[in-house]
């Protein structure tokens, strides 16, 4: 069975740090970066572990400013029927 994988890209310079994406991530992979202030003066959202993302897209759907892009892939094992 193929496992869903995802990759989340956050435009940190446009993020206003509302935290809605952090709340809806079922794997709790997103957080607000408390070490960085973006050009708008906000603490942007970041991914704690990009390798664990399943690509559900909840964060992108919840983002009011559309600064999150989620790309989905899958790991499909090919079986030879020789």
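The values are calculated or read from the model by the stated rules, or taken from the named source; none is laboratory data. Bear in mind the structure is a predicted one, so any value in this text is a computation, not a measurement. As a convention, Cβ positions derive from the backbone with ideal geometry for all residues, glycine included, and neighbour counts pool all protein chains shown.
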> What tally of residues in region 1-21 results from selecting those that are closer than 15 Å to residue 49 by Cβ and crowded, with 18+ Cβ neighbours inside 10 Å?
Replying inline: 4
> Which one of the conditions (1) within 9 Å of the chain's Cα centre (by Cα); (2) at pLDDT 95 or above does residue 55 fail to meet, given that it meets all the rest?
Replying inline: (2)
> What tally of residues in region 13-35 results from selecting those that are in contact with a strand residue (DSSP E or B) (Cβ under 8 Å, 6 or more places away or on another chain) and part of a loop (DSSP other than H, G, I, E, B)?
Replying inline: 5
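Could you run through region 36-59 and say how many residues are in contact with a strand residue (DSSP E or B) (Cβ under 6 Å, 6 or more places away or on another chain), in contact (Cβ under 8 Å) with a residue 40 or more places away in the chain and on the phi < 0 side of the Ramachandran plot?
In the first step, residues of region 36-59 are kept if they are in contact with a strand residue (DSSP E or B) (Cβ under 6 Å, 6 or more places away or on another chain); the result is 43, 45, 47-48, 53-55, 57, 59.
Then drop every residue that is not in contact (Cβ under 8 Å) with a residue 40 or more places away in the chain, which leaves 53-55, 57, 59.
With the extra rule that they be on the phi < 0 side of the Ramachandran plot, the set shrinks to 53-54, 59.
Count: 3.
Under the condition of being part of a loop (DSSP other than H, G, I, E, B) and over 16 Å from residue 67 (Cα atoms), which residue from region 38-51 is modelled with the lowest pLDDT?
Looking at residues that are part of a loop (DSSP other than H, G, I, E, B) and over 16 Å from residue 67 (Cα atoms), I get 49.
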